[in-house]
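> Dropping a structure here in structure tokens format, bear with me for questions.
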Amino acid sequence: MNGRRPFVLYTLMAFGYAFLYLPIVTVIAYSFNESRMVTVWGGFSTKWYAALFANAQILDAAKLSLLIAVLSSTLAVVIGTLAGLALARFGSYRGRGALSLMTSAPLVMPDVMLGISALFLFITLQQLTGWPGGRGVDTITIAHVTLCVCYVTIIVRSRLVQMDLSLEEAAMDLGARPWKVFFVITLPLIWPALVAGWLLAFTLSLDDVVIASFTSGPGASTLPIVVLSKVRFGVTPEINALATLLIVAVAIGVTLAGWLMHRRQR
Amino acid sequence: MTPQHPQQQSPWLALWFAFFNDLFRYLGALGRELGGSRGRLLVLAVPLAWLALFFALPLAIVLKISLASPVAGVPPYTDLVALGPDGRVTIELSLAGYLRLLTDPLYVASYLNSIQFAAVSTVACLLLGYPIAYGIARAGPLARLVLLTLVILPFWTSSLLRTYALIGILRTNGTLNQILLGLGLIDAPVQLLNTNLAVYIGITYNYLPFMILPLAANLMRLDYTLLEAAADLGARPLKAFLTVTVPLSLPGIVAGSLLVFIPALGEYVIPELLGGPDALAIGKRIWDDFFMARDYPLAAAVAVAMLLLIVVPMLVFEYVQERDARREARR
């Protein structure tokens, strides 16, 4: 652009960002509304936050969701890093196409597909072997890991590909076995990708409602399942408070991460 | 262990063991191919085994169940292959589910509707997202970071909660109606929630970051001297944009569009929360057939049909991914 301020571009961008943020800003505003009705501004109040923390159903579901999210992200990072390694470093081999396909298919597959297939697997396994006895934390975690592995794989793989191979080669020239090269050289260099993968898997697991609905059982209600059942009937003020808390947490995290990355690039 | 009725002594168990036999033989051959390195084999085997067991096998099971018939009981579908006490093997396949899909107007309409929802929303995402991606790509380092962060923030926020936020906006007495009334553009509140329009808005809103991020990544790698060359040759900015930038950003457009279109086809939450009773979608059909009607074979058939619908775009996506990854590796 020859020096002219791209007015059209800025307007279009502003419109797009406004579209992205209007609902978020609205929910935050409503969470502080004294009145339950969204049309009336009853004054500033934090009573919905108090109501949120007094709601045992929501708190229990939140604890369960956090547990499942931590378990699935950690497992997903382990498996995803192995998959990323296999795809980025091993050249051509027999199973490569299958691995590549299976690590990019869940990325675009609709959730209902992943959920219903996982559930049918568990039902069939139960028929054949007696495990799993019922559905709960373990089944949800397994399904979430399967979903998250592909995201981790992509992140780790792209980071491995960008990495300078000469460092690994130098280590191997000096006599290090492959496992040692991985843990001493590669891992310290790709750890930001592992952290990013963990956080992404964590978020996906925490947010998922469809897969969890299919693979959970009675007594294992995750937070999104509870939220979905509550919001089917319209706006609920406690959910506004919950949404605001989550948005603020994500905002802090994302800003922090962005700032850290900015500093590293200096 | 659930007690096994003799009639249910499953031939599937034999298949199960045969599967593992073949798996280990395959892994052995693989190990020899990788130069005998047991470490490498382990690195490959773990993700391969996990995904084969928890991703590929379930899809095969969905196919199997789609060919069963619904019965009352646990599990609520018939066994395809039954070994009778007299040694007879009965194979019973049912295409009732698939026939229903082809003939029942509800299902035909659901598929067409889902495609329409996904396609229109993809275009909307492209129109809204391209300027943002372009602005991000052209911005200086600090502005780019801020703009990207502003896009990533909704991306990391729970999509369920963001869809819920749209309810508050689109209701009859919600924010959007209040704005329109305040601006004098309408006289009375317009029905926005529980309409197809709400579903379009919802899908576009949720998937917009998925369009912006690959597009921005692609636009950031563009060679902008080409635009300068076009300007030197006398092209006006708009023409240069249309003839140079857009074609070069096609891989990004394709990647972003697939990332929006394919998952949007199977969306359940958005049509359920934002759409009305006429917002037919495959995702809703699968959910309702499974949870409400408890008709597992029908739900499985709907899922298999949906899989067939998305398999072509998915393979395109996979091919593009693989090609881009190899291109990155070669740089």
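> Using only Cα atoms, tell me the angle between helix B:159-170 and the longest principal axis of chain B; keep it within 0 to 90° and round to the nearest 10.
Once rounded, one gets 50 degrees.
> State the answer as a single residue: which of A:Ser104, A:Ile24, A:Ile123 lies farthest towards the positive end of the charge dipole of the range A:1-124, with beta carbon charges of +1 for Lys and Arg and -1 for Asp and Glu, about the Cα centre.
A:Ser104
> Let me ask something else about it. Below 15 angstrom from the Cβ of A:Gly80, what's the summed charge of the other residues (Lys, Arg +1; Asp, Glu -1)? Walk me through the intermediate numbers first.
Working: positive: A:Arg89, A:Arg157, A:Arg159; negative: none.
Neighbour charge sum, excluding A:Gly80 itself: +3.
> Using a 10 Å cut-off around each Cβ, can you sort A:Tyr17, B:Tyr207 from fewest to most neighbouring Cβ atoms? Could you put the intermediate results ahead of the total?
Working: A:Tyr17 18, B:Tyr207 26.
Exposure proxy ranking, most exposed first: A:Tyr17, B:Tyr207.
> Continuing with this model, one more query. What is the calculated FRET efficiency for A:Glu169 to A:Leu9, with r their C-beta to C-beta distance and R₀ = 56 Å, to the nearest 0.05?
Numbers: r = 45 Å, r/R0 = 0.80.
So, using R0 = 56 Å, E works out to roughly 0.80.
> Using the 10 angstrom Cβ neighbour count as an exposure proxy, how do B:Arg221, B:Arg285 rank, fewest first?
Values: B:Arg221 13, B:Arg285 27.
Fewest-to-most Cβ neighbours within 10 Å comes out as B:Arg221, B:Arg285.
> So what are the ³J(HN,Hα) numbers for the range B:301-312, from phi and the Karplus equation (6.51, -1.76, 1.60; θ = phi - 60°), rounded to whole Hz, Gly and Pro as x?
Coupling constants for the range B:301-312: 5, 4, 5, 4, 4, 5, 4, 4, 5, 9, 5, 5 Hz.
> In addition: For a label point 7 Å from the Cα of B:Val312 along Cα→C-beta, name the residues of the range B:113-127 whose backbone N is under 20 Å from it.
Counting backbone N atoms under 20 Å from the label point, the list is B:113-123.
> Once you place label points 7 Å from the Cα toward the Cβ at A:Val195 and A:Arg263, how far apart are they in nm?
Placing both labels 7 Å along Cα→Cβ, they lie 1.0 nm apart.
> Turning to a different aspect of this structure: In debye, nearest 20: dipole of chain B around its Cα centre with unit charges on the Cβ of K, R (+) and D, E (-)? Kindly include the intermediate steps, with their values, before the conclusion.
Details: 22 positive and 20 negative charges, 199 e Å.
Its charge dipole is roughly 960 debye.
> Then there is this: Other chains near A:85-92: what is the mean number of their Cβ atoms within 10 Å of each residue's Cβ? Could you put the intermediate results ahead of the total?
Values: counts 4, 8, 5, 3, 2, 5, 1, 1.
Average neighbour count from other chains, rounded to a whole number: 4.
> Given the options A:Thr153, B:Gly97, B:Tyr268, identify the residue whose Cα lies farthest towards the positive end of the charge dipole of the protein assembly as shown (+1 on Cβ of Lys, Arg; -1 on Cβ of Asp, Glu).
The one lying farthest along the dipole's positive direction is A:Thr153.
> Hey, another quick one. When chain A is treated as a GNM, springs tying every alpha-carbon pair under 10 Å, which of A:Leu119, A:Leu245, A:Leu165 comes out with the largest mean-square fluctuation?
Among A:Leu119, A:Leu245, A:Leu165, the largest GNM mean-square fluctuation belongs to A:Leu165.
> Using a 10 Å cut-off on Cβ to Cβ distances, tally the other chain neighbours for every residue of B:298-310 and report the average as a whole number. Spell out each step's value before the answer.
Numbers: counts 0, 4, 3, 0, 2, 7, 1, 0, 5, 4, 0, 0, 5.
Mean partner shielding for this stretch: 2.
> Okay, moving on. Test of understanding: ordering B:Val246, B:Val62 by Cβ neighbours within 10 Å, fewest first, what list do you get? The partial results should precede the final answer.
On the way: B:Val246 12, B:Val62 23.
Ascending Cβ contact count within 10 Å gives the list B:Val246, B:Val62.
> Go ahead and run the numbers for FRET between B:Met220 and B:Ala119, Cβ-Cβ distance against an R0 of 30 Å, rounding to 0.05.
0.65
> Sticking with this structure for a sec: Residue by residue through B:57-68, how many Cβ atoms from other chains fall within 10 Å of the Cβ on average? Numbers along the way, then the final one.
On the way: counts 5, 14, 8, 4, 10, 7, 2, 2, 5, 1, 0, 0.
That average works out to 5.
> What number, rounded to the nearest 500 deg cm²/dmol, is the helix-based mean residue ellipticity at 222 nm of chain B, given -39500 (n - 2.57) per DSSP H run of at least four residues and division by all its residues? It would help to have the intermediate numbers written out before the result.
Numbers: 15 runs with 225 residues, N = 331.
Mean residue ellipticity at 222 nm (helix-derived): -22500 deg cm²/dmol.
> Quick check: the angle from helix B:141-156's long axis to the longest principal axis of chain B, C-alpha only, nearest 10 degrees?
40 degrees
> Treat every Asp and Glu Cβ in the range A:184-266 as -1 and every Lys and Arg Cβ as +1, leave all other atoms uncharged, and give the resulting dipole magnitude about the Cα centre to the nearest 20 debye. Write out the running numbers ahead of the final one.
On the way: 5 positive and 3 negative charges, 64 e Å.
Charge dipole, the range A:184-266, about its Cα centre: 300 debye, nearest 20.
> Cβ neighbours within 10 Å, averaged per peptide: list A:50-61, B:188-199, B:149-160 in order, most packed at the top.
Working: A:50-61: 14.7, B:188-199: 17.8, B:149-160: 20.8.
Answer by packing, highest mean first, reads B:149-160, B:188-199, A:50-61.
> Using only Cα atoms and rounding to the nearest 10 degrees, what angle (0 to 90) does helix B:11-33 make with the longest principal axis of chain B?
It works out to around 60 degrees.
> Taking springs between alpha-carbon atoms closer than 10 angstrom, which of A:Leu228, A:Leu12, A:Leu121 fluctuates most in the Gaussian network model of chain A?
In the Gaussian network model the winner is A:Leu12.
> Here's a follow-up. May I ask you to list, by number, the DSSP H helices of chain A whose Cα span along the axis is at least 18 Å and whose average Kyte-Doolittle hydropathy reaches -0.5 or more? Let's see the in-between values first.
Details: long enough: A:7-31 (35 Å, 1.72); A:56-89 (49 Å, 1.61); A:96-108 (19 Å, 0.95); A:111-129 (26 Å, 1.49); A:137-162 (36 Å, 1.29); A:187-207 (30 Å, 1.58); A:237-265 (42 Å, 0.99).
Span-like helices in chain A: A:7-31, A:56-89, A:96-108, A:111-129, A:137-162, A:187-207, A:237-265.
> Let me ask something else. Using Cα positions and a limit of under 28 Å, work out the lysines in reach of B:Lys64, with same-chain residues fewer than 8 apart set aside.
B:Lys284
> Which whole-number percent is the relative contact order of the range A:40-161 (Cα, under 8 Å, 6+ apart)? Can you show the working numbers first?
Working: 77 pairs, mean separation 53.2, N = 122.
Here the relative contact order equals 44 percent.
> With label points built 7 Å along Cα→Cβ from the Cα atoms of A:Leu245 and B:Ala82, find their separation and express it in nm.
Going by the 7 Å Cα→Cβ label model, 5.2 nm.
> Let me ask something additional. Which residue, chosen from B:Val199, B:Val120, B:Ala52, occupies the Cα position most advanced towards the positive end of the dipole of chain B, where the dipole is computed from +1 (Lys, Arg) and -1 (Asp, Glu) charges on Cβ about the Cα centre?
With unit charges placed on the Cβ atoms, the residue in question is B:Ala52.
> With +1 on each Lys and Arg Cβ and -1 on each Asp and Glu Cβ, how big is the dipole of the protein assembly as shown about its Cα centre, in debye rounded to the nearest 20?
Values: 40 positive and 31 negative charges, 296 e Å.
With Lys and Arg at +1 and Asp and Glu at -1, about 1420 debye.
> Please pull out the direction-averaged projected area of the protein assembly as shown, using the convex hull of its alpha-carbon atoms, in nm² to one decimal place. Write down the numbers at each step before the final one.
Working: hull surface 127.5 nm².
Projected over every direction and averaged, the Cα hull of the protein assembly as shown covers 31.9 nm².
> Within 10 Å, count the other beta carbons around each residue, average over each peptide in A:173-186, B:266-279, and list them highest first. It would help to have the intermediate numbers written out before the result.
Values: A:173-186: 13.4, B:266-279: 21.3.
Answer by packing, highest mean first, reads B:266-279, A:173-186.
> Between B:Leu63 and B:Ala143, what FRET efficiency comes out of the Förster formula 1/(1 + (r/R0)^6) with R0 = 45 Å and r the beta carbon distance, rounded to 0.05? Can you show the working numbers first?
On the way: r = 50 Å, r/R0 = 1.11.
So, using R0 = 45 Å, E works out to roughly 0.35.
> What is the sum of charges, Lys and Arg at +1 and Asp and Glu at -1, for the other residues whose Cβ falls under 15 Å from the Cβ of B:Val146?
Details: positive: A:Arg263, B:Arg138, B:Arg144; negative: none.
Its environment carries a net charge of +3.
> In nm, to one decimal, how far is the modelled label at B:Val74 from the one at B:Leu181, with both set 7 Å along Cα→Cβ?
With each label point 7 Å from Cα toward Cβ, the separation is 5.3 nm.
Bear in mind these aren't lab numbers, they're just calculated from the coordinates by the rules spelled out. Treat the numbers as computed from the prediction; the structure is a model and nothing was measured. Don't worry about glycine lacking a Cβ; one is built from the backbone with ideal geometry, like all the others, and counts go over all protein chains shown.
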